[in-house]
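First up is the structure itself, then whatever we jot down about it.
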Amino acid sequence: MTREELAGKNAEIVASIAEQIKKYAPNSIVIITTNPLDAMVYVLYKKLGFPRNRVIGFSGVLDSQRMAYYASQLIGIAPESIIPVVLGQHGENMYPVPEASFVYGKPLTEFITKEQYDEIVKKTVQAGAEITNLRGFSSNWGPAAGLALMVDSIKKDRKRVFEASVYLDGEYGVRDVFAEVPVVLGKSGVEKIIELNLNEEQRKKFLASIEAIKKNLATVPAQFLS
Ligand SMILES: NC(=O)c1ccc[n+]([C@@H]2O[C@H](COP(=O)([O-])OP(=O)(O)OC[C@H]3O[C@@H](n4cnc5c(N)ncnc54)[C@H](O)[C@@H]3O)[C@@H](O)[C@H]2O)c1
């Protein structure tokens, strides 16, 4: 299928599932993984009509932990001890930000060379496609493990910070779009959106990623976007 065909077909399925969720679980907090993620979570949000804290797109845990893994391979520190940041789109226009990632207060960039920086960014962006190529179908253990962490934080009100695709309404200077950013997950769902202080160059890259999300959303038939 072309991306446009996929977006249209999956939007139809997501919209029909939204009807069932509204009927049978009107107070639920909903996390979706279906791709194209940032467009499908938008469709789900519009069709559910739930407040934005109860509609969440999964992908950021995967993208950011993949970056932590690739960095860990180069610097010899466990991925669990790296706090990674990937922003924007879940897809080839995602924006990995090693300079906003830390090992116990020390920026990741102080552990790596410029070549390693580029390698980490490239591998992180290509990770999904690489896994799909190697396995012949999409990754599923990684998303399942990441979803379990997010659900645990919501159910037990742990208020852990994860990257997730959430509805931005002015945060990061953008509106009416779902994108990956760090958020606090607790019993109300998304309890806080953490806004990073991006410099001018970082902001440009973030906005380029947002543009890619909007471009993809424009391929979804209009009836699923309101
Ligand atoms: N967000 C992420 O980080 C991430 C990561 C991996 C995969 N994904 C996405 O997750 C989705 C699922 O991937 P997968 O590998 O598990 O695919 P899969 O093909 O193994 O599973 C899809 C499931 O959806 C079911 N299904 C199809 N039409 C349906 C309908 N109308 N109603 C209810 N169920 C229906 C199928 O029976 C099947 O069980 C894909 O869109 C994939 O791209 C997202």
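Summed over the stretch 1-18, the residues that are within 13 Å of the ligand (Cβ to nearest atom), open to solvent by less than 90 Å² (accessible area, probe 1.4 Å) and either in contact with a helix residue (DSSP H, G or I) (Cβ under 8 Å, 6 or more places away or on another chain) or of a type in the set (Val, Ile, Thr) (or both) give a count of 8. No other residue among 211, 195, 163 is part of a loop (DSSP other than H, G, I, E, B) and under 17 Å from residue 95 (Cα atoms) apart from 195. You will find that of 109, 124, 132, the residue that is more than 14 Å from the chain's Cα centre (by Cα), at pLDDT 95 or above and among the β-branched types (Val, Ile, Thr) is 109 and no other. All of 117, 104 fail the test of being farther than 22 Å from residue 2 by Cβ, among the aromatic types (Phe, Trp, Tyr) and in contact with a Pro (Cβ under 6 Å, 6 or more places away or on another chain), apart from 117. Against the list (1) over 11 Å from the mean Cα position of the chain (by Cα); (2) within 16 Å of the ligand (Cβ to nearest atom), the condition residue 64 fails is (1).
Apart from one condition, residue 158 fits all of (1) basic (Lys, Arg); (2) surrounded by 17 or more Cβ atoms within 10 Å (Cβ to Cβ); (3) not in a helix (DSSP H, G or I); the exception is (2). For the stretch 99-115, indicate whether the set of residues that are open to solvent by 10 Å² or more (accessible area, probe 1.4 Å), away from the ligand (no atom under 13 Å from the Cβ) and farther than 27 Å from residue 203 by Cα is non-empty. No, every residue in the stretch 99-115 fails to be open to solvent by 10 Å² or more (accessible area, probe 1.4 Å), away from the ligand (no atom under 13 Å from the Cβ) and farther than 27 Å from residue 203 by Cα. If you go through the stretch 175-192 and pick out every residue that is assigned to a strand (DSSP E or B), surrounded by fewer than 21 Cβ atoms within 10 Å (Cβ to Cβ) and of a type in the set (D, E, K, R), you end up with 4. Contact map, the stretch 27-40: residues that are in contact (Cβ under 8 Å) with a residue 40 or more places away in the chain and small (Gly, Ala, Ser) paired with residues that are more than 9 Å from the ligand (Cβ to nearest atom) and in a loop (DSSP other than H, G, I, E, B), Cβ distance under 8 Å, separation 6+ or inter-chain. Pairs shown: 39/219; 39/220. Scanning the stretch 29-45 for residues that are in a helix (DSSP H, G or I) and more than 8 Å from the ligand (Cβ to nearest atom) yields 38, 39, 41, 42, 43, 44, 45.
Residue 143 meets all of the listed conditions (1) more than 16 Å from the ligand (Cβ to nearest atom); (2) over 18 Å from residue 53 (Cβ atoms); (3) not in a loop (DSSP other than H, G, I, E, B) but one, namely (1).
The values are calculated or read from the model by the stated rules, or taken from the named source; none is laboratory data. If you're wondering where the values come from, they're calculated on a predicted model, not measured in any experiment. Reconstructed Cβ throughout: ideal geometry from the backbone, glycine too, with neighbour counts over all protein chains shown. The accessibility values were calculated without ligands, DNA or RNA, using every heavy atom of the protein model including side chains. Shrake-Rupley method; radii C 1.70, N 1.55, O 1.52, S 1.80 Å.
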